[in-house]
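Data block below; observations after.
None of the figures in this text is laboratory data; all of them are computed from the coordinates on show. Keep in mind that what you see is a predicted model, and the values were worked out from it rather than measured. We place every Cβ from the backbone using ideal geometry, glycine too, and count neighbours over all the protein chains shown.
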Amino acid sequence: MNTEPFQMPKDATILVAGARGMVGSALVRRLQAGGYTHILAPGRAELDLMDTADVHAYLAQHKPAYIFIAAAKVGGIQANNTYRAEFLHTNLTIQNNLIHGAHLAGVQRLMFLGSSCIYPKLAPQPIKEEYLLTGPLEPTNEPYAIAKIAGIKMCEAYNAQYGRQYISVMPTNLYGPNDNYDLNNSHVLPALIRKAHEAKLRGDKQYVVWGTGTPRREFLYVDDLADACVFLMEKGYDGPLLNIGTGEDVTIRELAETVMKVVGFEGEIVFDSSKPDGTPRKLLDVGRLNGIGWRAQVKLRDGIKSAYESSSL
């Protein structure tokens, strides 16, 4: 495993797949701030990631030296559980096209971004990278998790067989600018922000939160994630799977209360226990990443305030 200083040329061609999404746009911001001058950030009209021939032709033409795969079909519990076929098929197709296409185009360095839902539902806490494939997954997001696990294993296979340096990172729950605030398919934090915002506008006395409020979750500001990703690529990291998170978690109740304070909603929270809680606790062990020299910087309340102020709600 290489963690020695590594020079990523400022004029290198860098492809950010999924550049219009929350994670991809944060990566573009971070790369631009770092002085990188040749960033490819194609939208869907320029590059259809579901089209194998289109992806392979794009990579052959532009020959990026580095690729960040931030493109994925994502969503919260309801979306994952409802659109199971689409979550599996779409994510497998995108990552297969990009990883295999990168290899065909001679791309040596690639970063695949997964999700902490790859780990077993009842994994010991905090979750270490080696807990992958040691137990059953959370049923509600199993298709998405299986797709991401396949991406990790695909990167490992190309490294082993062809000597590539395709690394995988697993972020914890993300939030920040360009998040999805659609109540039907968003993640828990943006959903709470929108519910609190709308309850405030209506003058409601309360707002309803799914589940019991007892599950514990970890949240990472997306610009912190982008900083970690660029840090690892610049450092030349070529080791095994890495967790990216804060190493701290809160209950959903505590999260909802923080959102209320940031939004300025003065009513009360009502928990709908008929709705699923999902995994009881999900906290990543980030000791491996901290040991390389990176730690999250943005505090949860500050990040929520920034996300809320940058939203179009």
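Rg and Dmax of region 264-313 over Cα atoms: what are they, in angstrom?
When restricted to Cα atoms, region 264-313 yields Rg and Dmax of 16.5, 44 Å.
Karplus couplings for region 184-189 from phi (6.51 cos²θ - 1.76 cosθ + 1.60, θ = phi - 60°), rounded to Hz, Gly and Pro as x?
Computed from phi, the couplings for region 184-189 are 7, 9, 8, 7, 5, 5 Hz.
Regarding region 178-246, what whole-number volume in Å³ per residue does the convex hull of its Cα atoms give?
Expressed per residue, the convex hull around the Cα atoms of region 178-246 is 129 Å³.
Which value, in Å to one decimal place, does the Kirkwood hydrodynamic radius take for region 1-160 when every pair of different Cα atoms is included?
Mean inverse Cα-Cα distance, inverted, gives 16.7 Å.
Once amide H atoms are placed 1.01 Å from N in the peptide plane, what residues at a sequence separation of 5 or more from Ile127, or on another chain, have their amide H within under 5 Å of its amide H?
The answer is Leu283, Leu284, Asp285.
To one decimal place, what orientation-averaged projected area in nm² is obtained for the convex hull of the Cα set of region 72-189?
For the Cα atoms of region 72-189, the hull's average projected area reads 7.9 nm².
Using only Cα atoms, what is the ratio of the radius of gyration of region 128-239 to 2.2 N^0.38 Å?
Cα Rg divided by the expected 2.2 N^0.38 Å: 1.38.
Relative to the compact globular guide of 2.2 N^0.38 Å, what is the alpha carbon radius of gyration of region 22-66, as a ratio?
Rounded to two decimals, the normalised Rg is 1.26.
Per q in 0.15, 0.16, 0.18 1/Å, what log10 I(q)/I(0) does a Debye calculation on the alpha-carbon atoms of region 164-313 return?
Those come out to -0.79, -0.87, -1.05, one per q.
If we count other beta carbons within 10 Å of each Cβ, what is the order of Met50, Met8, Met233, fewest first?
Listing Met50, Met8, Met233 from fewest to most nearby Cβ atoms yields Met50, Met8, Met233.
Roughly speaking, what is the centre-to-centre gap between region 1-64 and region 67-91 when only Cα atoms are used, to the nearest Å?
If we compute the Cα centre of each part, the gap is 20 Å.
Output wanted: per-residue J couplings in Hz (rounded whole) for region 169-181, from phi through Karplus 6.51 cos²θ - 1.76 cosθ + 1.60, θ = phi - 60°, x for Gly and Pro.
Taking θ as phi minus 60°, the curve returns 10, 10, x, 6, 4, 10, 7, x, x, 6, 6, 9, 9 Hz for region 169-181.
Please work out the Cα convex hull volume for the chain and give it in Å³ per residue.
124 Å³
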